[in-house]
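Before any comments, here is the structure.
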Amino acid sequence: MPSKPQSALPVNPIALPEIHWLEADQPRNARWRSERGLPPPTKVVLADDTLSADSAYRMVCEGTSLLWRGDFQNARQLLQALGRRADQVPKRKRKQAATPIPLLDAFNQHRLAQSQRARLLGRLLIAFDADYHVPLRRAPDVQAACTEAWGPPDLQAGPMVASLRELLGVTSAHEWRRVGIEIPALGDAPHNRIHPHYGVFSPVRGEYIQLVATAHLPKPPKGRDQLLAFDIGTGTGVLAAVLARRGVAHIVATDLDARALACARDNMAQLGLQTQVEVTQADLFPPGKASLIVCNPPWLPARPGSPIERAVYDEGSRMLQGFLAGLLDHLEPKGEGWLILSNLAEHLGLRSRDELLALFEANRLRVVSRVDAKPVHPKASDATDALHHARSQEVTSLWRLASNTAP
């Protein structure tokens, strides 16, 4: 089995803005990194192990960012304490929550609460040396994780500051990438793992993968004995890999995101599928036509709050509509488009089933068949989740689409 590639993020370095603060009565500055694209904090004070969690929570609620100068493990504990305080619901809001509200309102309130929580917790900051070393007591070695997420360090650019929460996300992603996620549809261990990169959505929900692994494959065009498929918005490449394991001779997997492209290429090399799966950068479709075109777009038509949320939220249904609008132009005669989509948006009031069917009709598509699967992830059975009622009714479907004018 090929060894796992260790390629760094293949993007050009970007000029980072600067964060400024006072230390020992002297002005200091460093580069500011935020995955969410947030501007540098303007109110920054130093904090260490003497700061209580209550005082820290009051300060971050007032808009003050805390640049940590104490023990690293104590900073992690403080972040957990801030999270517990942020999750405490005032009595007034508990009474309001007891009154049923429309699911769309509950969804909007949930997203707002999550955004506010992220903003508060993001105000606990960590400084890095130019080589991604964290100069704090008991700090872990995060240089490999940061290099994977952000690219090689720029040793000439000087120190950098980011939120501790973001750093923990980087180190968590590094561990996911190292260990990988077992995908039963790819065969037996150890040749069945997908290794997600930082910023690329992990295929932790198995039901949509199983749908692609079991749906009836279309036949190659007349006169050909091999099937060509496109995987639109490939992400980690998991669906392209499943199709390859099913015997599809050649798959072209597309994505716009540089991290996703690097991730998919690494996974194909790890699985020994790099000659069967071609990973290429494209906005939806590659040139040419295929007998099978698979797309698993973001399932909720709402604005993403960060780059990683683009795998979940498709503002204005841009990707869904783009896929449906271009499908017939890229399908071989008698070919099929497989649309993998959850109906969670329907239960939340973000999109109706009639609107989805109208999109099919407007793009001259008919439904050959639909295969459904119930979710098995923990939130589907978590009664404490704010969106439990909608999640408990969720169904993920594979829609087999073809031209409505085909003979």
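The values are calculated or read from the model by the stated rules, or taken from the named source; none is laboratory data. Computed from a predicted model, the values in this text were never measured in an experiment. All Cβ positions, even for glycine, are placed from backbone atoms using ideal geometry, and neighbour counts span all protein chains on display.
Worth pointing out:
- Residue in region 140-148 that is surrounded by 18 or more Cβ atoms within 10 Å (Cβ to Cβ), closer than 26 Å to residue 42 by Cα and in contact with a helix residue (DSSP H, G or I) (Cβ under 9 Å, 6 or more places away or on another chain) present: yes
- Applying a threshold of 6 Å to beta carbon distances and a minimum spacing of six or more residues, or different chains, the list of pairs starting in region 62-73 at a residue that is buried (at least 18 other Cβ atoms within 10 Å of the Cβ) and ending at one that is part of a helix (DSSP H, G or I) reads 68/75.
- Scanning region 166-200 for residues that are assigned to a helix (DSSP H, G or I) and closer than 23 Å to residue 247 by Cα yields 184, 185, 186.
- Close pairs (6 angstrom Cβ cut-off, 6 or more residues apart or separate chains): assigned by TED's automatic domain parsing to the domain that holds residue 316 and farther than 15 Å from residue 238 by Cβ in region 275-299, of a type in the set (Val, Ile, Thr) and outside any strand (DSSP E or B) anywhere: 298/312
- Residue ID - nearest to residue 81 (Cα to Cα), chosen from residues in region 141-166 that are more than 25 Å from the chain's Cα centre (by Cα) and of a type outside the set (D, E, K, R): 159
- Annotation: of all residues in region 272-325 being of a type in the set (Gly, Ala, Ser) and modelled with pLDDT under 95, the one that is nearest to the chain's Cα centre (by Cα) is 311.
- If the condition is being in a helix (DSSP H, G or I) and either touching a Phe, Trp or Tyr at 6+ places or on another chain (Cβ under 9 Å) or not assigned by TED's automatic domain parsing to the domain that holds residue 292 (or both), then region 323-351 contributes 323, 324, 326, 327, 329, 330, 344, 345, 348.
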